[in-house]
Structures are given as C-alpha cells and as structure tokens.
Amino acid sequence: MKKLIALVLMLCMLCTVALADNEITWDQVYPTLEAAGITGDFVTFDEIAVKVFIPAGAEAVELSDEDKANGYIGYFTDESGDAIAVQYVNVDGMDLETYAAQVAEAGGTEIETGTVNGLPCISYEYNDNMICAFTTQMGYILEVAVGPLPDENAKLAAGFILASIQAAE
C-alpha cells in the first residue's frame, strides 16, 4: 500500500511539473512507468515516422477499409474496452491554432498547447477521450486518442501514453 501511495504522489508531482511549463518528455515519464511495473512496447507508424508506447495487454485491431479512409493508421484495445486510436488526417496545411479553434467549436474541452518530446501539439478532451494533435510537414494532423476516461487513474494512464509520442529513430 505504501508503494501505491508513493507512486500516486510521484505521478501527481510529475503531472504538475509537466503541466506547469506545458512541456513533457518520455524521459520524465519512463521512470514512473518502470517503478509501477507497467510494461509495453513502442509501435512505429512508418507513414509518419512517429512511435507511441502501447501498454502490454492492448492488442492491435485490424482496420477496415472505412477506418483507413477516415485516416486511422492504428487502433489498439484491451479487454476492458480502453482504446488507443492513431489517426492521420489531411487538413490542407491547417496550423495548430486554427485546429484548436475547430476542436473548441466541435465541443472539445481542456484545450492546451504544449510540447511532447519536442513536438508542438495541442491536447484536449472530447467524448471522454484524451487526445494529442500534432501538425506534420505534409499538411496533415496526427491525432492520438486514448479513452474512455472514467476516472483519474484512466487519465493518468492516458497521459503516459500521450507523453510517449515521439519521432521514430
């Protein structure tokens, strides 16, 4: 029990520090995951040269033609129904500021600008999902969504996954 309390306090401190300057790196997050015994692997999306940490227990779902037409390049789910969706959508060169305004109009909340592993992004919540969106050199938006988020623990887990998004090596 003491380990769990210490872990929760460390997670809260990490999130507070990261949110204070709106910049987070995998190096900040990884020691906390390791201490908690959370395992998984990075999945690389070659279409965009980006990788994302997918926790153990989350399995890739085969994408339908319709999913692919809607820009999905990855979808993972676990037995509890939690999902990680990776979508790559042509927005004709829209910048993050304009995209954030559209997200707000569509009902997105908690919209913040920041940097994840050196990549400028916006983060927001929409339909019980936590989402990070990035612009790409090709004029597209890359979105990584994690959800549903029924409680604070789920939000922390989503934060770890989103903090892992980084350029592939």
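Taking the criterion of being at pLDDT 85 or above and of a type in the set (Val, Ile, Thr), would at least one residue in the range 91-99 satisfy it? Taking every residue of the range 91-99 in turn, at least one turns out to be at pLDDT 85 or above and of a type in the set (Val, Ile, Thr).
Anything in the range 74-117 that is in contact with a helix residue (DSSP H, G or I) (Cβ under 9 Å, 6 or more places away or on another chain), charged (D, E, K, R) and under 14 Å from PHE134 (Cα atoms)? List them, or say none. GLU112 - this is the single residue of the range 74-117 that is in contact with a helix residue (DSSP H, G or I) (Cβ under 9 Å, 6 or more places away or on another chain), charged (D, E, K, R) and under 14 Å from PHE134 (Cα atoms). Looking only at residues of the range 38-58 that are hydrophobic (A, V, I, L, M, F, W, C) and not in a strand (DSSP E or B), we find that the one that is farthest from ILE141 (Cα to Cα) is ILE38. Considering only residues in the range 59-84 that are buried (at least 18 other Cβ atoms within 10 Å of the Cβ) and farther than 20 Å from GLY139 by Cα, the one that is modelled with the lowest pLDDT turns out to be ASP82.
Yes or no: MET130 closer than 21 Å to GLN166 by Cα, assigned to a loop (DSSP other than H, G, I, E, B) and touching a strand residue (DSSP E or B) at 6+ places or on another chain (Cβ under 8 Å)?
Working: closer than 21 Å to GLN166 by Cα: yes; assigned to a loop (DSSP other than H, G, I, E, B): no; touching a strand residue (DSSP E or B) at 6+ places or on another chain (Cβ under 8 Å): yes.
No; evaluated as a whole, the condition is false for this residue.
Do we find a residue being surrounded by fewer than 20 Cβ atoms within 10 Å (Cβ to Cβ) and either in contact with an Asp or Glu (Cβ under 7 Å, 6 or more places away or on another chain) or at positive phi (or both) anywhere in the range 94-106? Checking the range 94-106: not a single residue is surrounded by fewer than 20 Cβ atoms within 10 Å (Cβ to Cβ) and either in contact with an Asp or Glu (Cβ under 7 Å, 6 or more places away or on another chain) or at positive phi (or both). Among residues of the range 120-137 being over 16 Å from GLN102 (Cβ atoms) and either charged (D, E, K, R) or touching a residue at least 60 places away in the same chain (Cβ under 8 Å) (or both), the one that is surrounded by the most Cβ atoms within 10 Å (Cβ to Cβ) is THR136. A search for C-beta distances below 8 Å between a residue of the range 143-160 that is touching a residue at least 24 places away in the same chain (Cβ under 8 Å) and any residue that is assigned to a loop (DSSP other than H, G, I, E, B) and of a type in the set (Val, Ile, Thr), counting only pairs 6+ apart in sequence or on different chains, returns VAL144/ILE165; PHE160/ILE38. Do we have any residue at all in the range 133-142 that's modelled with pLDDT under 95, part of a helix (DSSP H, G or I) and either farther than 29 Å from ASP46 by Cβ or hydroxyl-bearing (Ser, Thr, Tyr) (or both)? Scanning the range 133-142 turns up no residue that is modelled with pLDDT under 95, part of a helix (DSSP H, G or I) and either farther than 29 Å from ASP46 by Cβ or hydroxyl-bearing (Ser, Thr, Tyr) (or both).
Those residues that are under 18 Å from the mean Cα position of the chain (by Cα) and among the polar types (S, T, N, Q), I need them from the range 81-108; list them, please. Of everything in the range 81-108, just one residue is under 18 Å from the mean Cα position of the chain (by Cα) and among the polar types (S, T, N, Q), namely GLN87.
Beta carbons closer than 6 Å, at least 6 apart along the sequence or on distinct chains, pair a first residue in the range 55-83 that is more than 18 Å from PRO148 (Cα to Cα) with a second that is part of a loop (DSSP other than H, G, I, E, B) for ILE73/GLU47.
Which residue, of LEU33, LEU4, LEU19, is of a type outside the set (Gly, Ala, Ser), buried (at least 16 other Cβ atoms within 10 Å of the Cβ) and modelled with pLDDT under 90?
The unique qualifying residue is LEU33.
The values are calculated or read from the model by the stated rules, or taken from the named source; none is laboratory data. Please read these numbers as outputs of a predicted model, since none were measured by experiment. Backbone-built Cβ (ideal geometry, glycine too); neighbour counts: all protein chains shown.
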